Amino acid sequence: MPQKEGKAPSVFGNRFLQTILLSNILLQIGIWVRNFAILLFVSEKTNQDPYAISLISVAEFAPIFVFSFIGGTFADRWRPKRTMIWCDLLSAVSVFVVLLMIHYGSWQSVYLVTFISAVLSQFSQPSGMRLFKQHVPEEQLQQGMAMFQSLMAIFMVLGPMLGTFAYSRFGLETSVAVMGIAFLLSALSLVRIPKDKTEQRTDAAKGDFRKEFKEGFHYVWQSPVLRSLGFVFMLAGLAVGLAQALNLFIVTERLGQPKEFLQYILMVSGAAMLIGGGIVAVFAKRVAPQALLAIGMLVGAVCTVVVGYSTNVALTLVVQFVNGLVFPCIHIGISTMILKWSNESIVGRVNGVLNPMFIGMMVVSMSFAGALKAAYPLVSIYTGSGVLFLLGALVMLPIMSQKAPETVQPVAAE
C-alpha cells in the first residue's frame, strides 16, 4: 500500500501517475500506428482477403487467452517496474528484428509484430496494476483510473487518423519503426517510477509457480465481489462483441448510410468517452465503483436496444454519444474494484484471471455474430445484447452495499 506520510500529493501531482500516463501515451501512439499500418498493408497486399485480415485479430487476441494467466502469475513474482521496462525493451527489439525481415521481403512477418507485443503486454499490464496499488493512495485510485480511461478515449478519436496518416504518408516500414521508437521511449520514461521493493522479489521467488497459478483462481472464487465481477466481465464481453461486430450493418441497413459513415459514429463515441472519463475523474471520490459499473451497464443496455431499433441518423448519434459518455464508468468501476478488493501480492493474478473472461466472451460473440445476423434481424440481436448488459447490472445487486476493506486479505493458506 502507498505510504501516507503527511498529506498525499494531488492526483495530478502524483509522480507515478504522471510517468505511467506518459508511458501510455507513447505506447498508444505506437500501437495505433501499428494497428492501422498493418491493417491497410495486409488489405492491399492480399486484395482485402478476409482470412488474412482476420489473422491480425487472432495475433492480437490469442495471446490474451494463452498468456494472461501466466503473465499475471509472473507479474506477482517479479519486480513490477523492472518487468514493465524489460517488456517495453523486448517489444522494441522484436519490432526492429521484424522490420529487417519485412525489408528483406518477408511481408507475412507483420503478424509477428502484433503477436509479440500482445504477449509481452500480458506481463506488463498486470505489473502496471500492481504499481497502481503501491503508488496511488486508496482515495485517488478511481480518479487515476478515470485519467487513464480519458487517455484511451483520446486515442480512440485520434488513433485511427494518426495510423492512417502515418501509413499513407510514410509507408509500412516507417510506421513499424515508429512503434519500435515509441516502445523505447516508454521504457526510458518508466525509469522515473520509484524503485521496486526488494522484499517482494524475495518472497515471490520462494513460491511454487503451479501453486501460485491456482491461487489466482481460488482467490477470485473466494471473494463474493471478485466472483460477481467475473460474471459481469463475461456478460459485458458477450454484449460488446455482438454490438461491435454488427456496427457496420447498423450504418448500412438501419440508417441507410454508406459504410464510411461508421467512422463518424466511432468518433462521436470516442469524444463522448473522453468527456465521460473527465466527469468521472471529478466525481470519482463520491461514487462507489459498484455504482459506477452498474450505471454503465444499465445505460449501456438501454442505448444498445435503442441503437438496434433506430432508423434516424440524429437519434443514433445522440444515443451513441450517451453510451460513450457512460462507457468509462464500466472500465473505471471494474479496474477500481480489482485494485480495492485484491491484495497487492496477488493483484496481477486476479487481473490475469478476470481479463480473459471479457476478451474471451467478446471474441466468442464476434465469432457467432455473422451466423446470428443471417438467422435473426438486427433489432432482435441488439435487443439480446441489451439484455446481456441488463443481466450484468443485476449481478451487481448483491454486492452494491459492500465497502472495500481497509486491509485486503492476503492469499488464503490451503
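With springs only between Cα atoms under 10 Å, which of T46, T316, T336 fluctuates most in a Gaussian network model of the chain?
T46
Counting Lys and Arg as +1 and Asp and Glu as -1, each charge on the Cβ, what is the dipole of the range 208-399 about the Cα centre in debye, to the nearest 20?
Values: 11 positive and 6 negative charges, 42 e Å.
It comes to approximately 200 debye.
With the chain treated as a Gaussian network of Cα nodes joined by springs under 10 Å, which of S150, S310, S401 yields the largest mean-square fluctuation?
Result: S401 has the largest fluctuation of those listed.
Modelled label-to-label distance, F96 and V313, 7 Å Cα→beta-carbon offset: nm?
For the pair F96/V313, the computed spacing is 4.9 nm.
Can you figure out the FRET efficiency of R192 with I279, using R₀ = 35 Å and their beta-carbon distance, to the nearest 0.05? Please report the intermediate quantities before stating the final value.
Values: r = 29 Å, r/R0 = 0.82.
It comes to 0.75.
Along the principal axes of its C-alpha atoms, what lengths does the chain span, in descending order and rounded to whole Å?
On the principal axes, the chain reaches 59, 55, 40 Å in Cα extent.
Would you mind computing, in nm to one decimal, how far apart the modelled labels at M161 and V379 are, each placed 7 Å from Cα along Cα→Cβ?
3.7 nm
What residue among V58, S106, F183 has its Cα farthest toward the positive end of the dipole of the range 15-205, where the charges are +1 on Lys, Arg and -1 on Asp, Glu, each on the Cβ?
Going by the Cα projections, it comes out as F183.
Can you tell me the dipole magnitude for the range 15-205 around its Cα centre, using point charges on the Cβ only (Lys, Arg +1; Asp, Glu -1), in Debye to the nearest 20? Before the final figure, lay out each step's value.
Details: 14 positive and 11 negative charges, 101 e Å.
For the range 15-205, the charge dipole is close to 480 debye.
If you plug each phi of the range 174-184 into the Karplus form 6.51 cos²θ - 1.76 cosθ + 1.60 with θ = phi - 60°, what whole-Hz ³J(HN,Hα) values come out, in order, with x for Gly and Pro?
After applying 6.51 cos²θ - 1.76 cosθ + 1.60, I find 5, 4, 5, 4, 4, 4, x, 5, 4, 5, 4 Hz.
So which of K211/K403; K81/K403; K133/K214; K45/K373; K214/K403 end up more than 24 Å apart, counting from Cα to Cα? Before the final figure, lay out each step's value.
Values: K211/K403 29 Å; K81/K403 30 Å; K133/K214 22 Å; K45/K373 29 Å; K214/K403 26 Å.
The answer is K211/K403; K81/K403; K45/K373; K214/K403.
With N set to the residue count of the range 208-399, report its C-alpha Rg divided by 2.2 N^0.38 Å to two decimal places. Intermediate values should be presented prior to the final figure.
Working: Rg = 17.6 Å, N = 192, 2.2 N^0.38 = 16.2 Å.
Compactness ratio reported: 1.08.
Using every alpha carbon pair in the range 15-205, what percent of pairs falls into each 5 Å bin from 0 up to the bin containing the largest distance?
1, 8, 15, 19, 20, 16, 10, 6, 3, 1, 0
Residue by residue through the range 238-249, what is 3J(HN,Hα) from phi via Karplus (6.51 cos²θ - 1.76 cosθ + 1.60, θ = phi - 60°)? Round to whole Hz and write x for glycine and proline.
4, 5, 5, x, 4, 5, 5, 5, 10, 4, 4, 6
With no solvent and one equal point scatterer placed on each C-alpha of the range 93-176, evaluate the Debye formula and give log10 I(q)/I(0) for q = 0.13, 0.17 Å⁻¹, two decimals.
The Cα Debye sum returns log10 ratios of -0.64, -0.90.
Could you check which residue among M273, M400, M145 shows the biggest mean-square fluctuation in a GNM of the chain with a 10 Å Cα cutoff?
With Cα springs under 10 Å in the chain, the top fluctuation among M273, M400, M145 is at M400.
Each value in this text was obtained by applying a stated rule to the coordinates, not by laboratory testing. These numbers were taken from a predicted model, which means no experiment stands behind them. Heads up, the Cβs are rebuilt from the backbone with ideal geometry, glycines too, and the neighbour counts pull from every protein chain shown.
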